[in-house]
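All remarks here apply to the structure that follows.
The values are calculated or read from the model by the stated rules, or taken from the named source; none is laboratory data. Here the structure is a predicted model, which means the values were calculated and not measured. Ligands, DNA and RNA are excluded from the accessible area calculation, which covers all protein heavy atoms including side chains. Shrake-Rupley method; radii C 1.70, N 1.55, O 1.52, S 1.80 Å.
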Amino acid sequence: MNKKMTLTDCLYEVMKDGGWFTFWVLRDRISNSFDKYYGEATISAGLRKFRHYEERKKYNLSFGAEVIEKRPRPTGAGYEYKLIVQAGQQNLF
């Protein structure tokens, strides 16, 4: 990759498959895949950033609908998050 990966780039790449992730799993996947470390608060801010127009446009996410789903973990400790991508979403990187 020639371009510098931002936090939202990393989150998109990890989450684009539509799976459910905790902050801890996202942190570990980003660290292992991109050799970057972000804390839980920073990851939370990155997920919120997907709500912004510029990010929705950049990643071809839906306008007018929620793009991050949230549910309680089955164990009851914390939450899991899912990025909602449009059908046929292309790879951006």
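Remarks
- In order through the range 8-21: 3J(HN,Hα) via Karplus (6.51 cos²θ - 1.76 cosθ + 1.60), integer Hz, x for Gly, Pro: 5, 4, 4, 4, 4, 4, 6, 9, 5, 6, x, x, 9, 9
- Amide hydrogen proximity for residue 68: with H placed 1.01 Å from N in the peptide plane, the residues at 5 or more positions away or on another chain lying under 5 Å are 84.
- The relative contact order of the chain, computed from alpha carbon pairs under 8 Å that lie at least 6 residues apart in sequence, is 31 percent.
- Accessible area of the chain belonging to carbon and sulfur atoms, whole % at 1.4 Å probe: 48 percent
- Taken per residue, the accessible surface of the chain reaches 61 Å², heavy atoms only and a 1.4 Å probe.
- Reachable aspartates and glutamates from residue 16, criterion Cα separation under 17 angstrom, eight or more residues apart if same chain: 28, 55, 66, 69, 80
- For the pair residue 24 and residue 4 in one chain, pulling the backbone fully straight at 0.36 nm per residue adds 4.9 nm over the alpha carbon distance.
- Cross-link reach list, aspartates and glutamates versus residue 4, counting only Cα pairs under 15 Å and skipping chain neighbours closer than eight places: 13, 35
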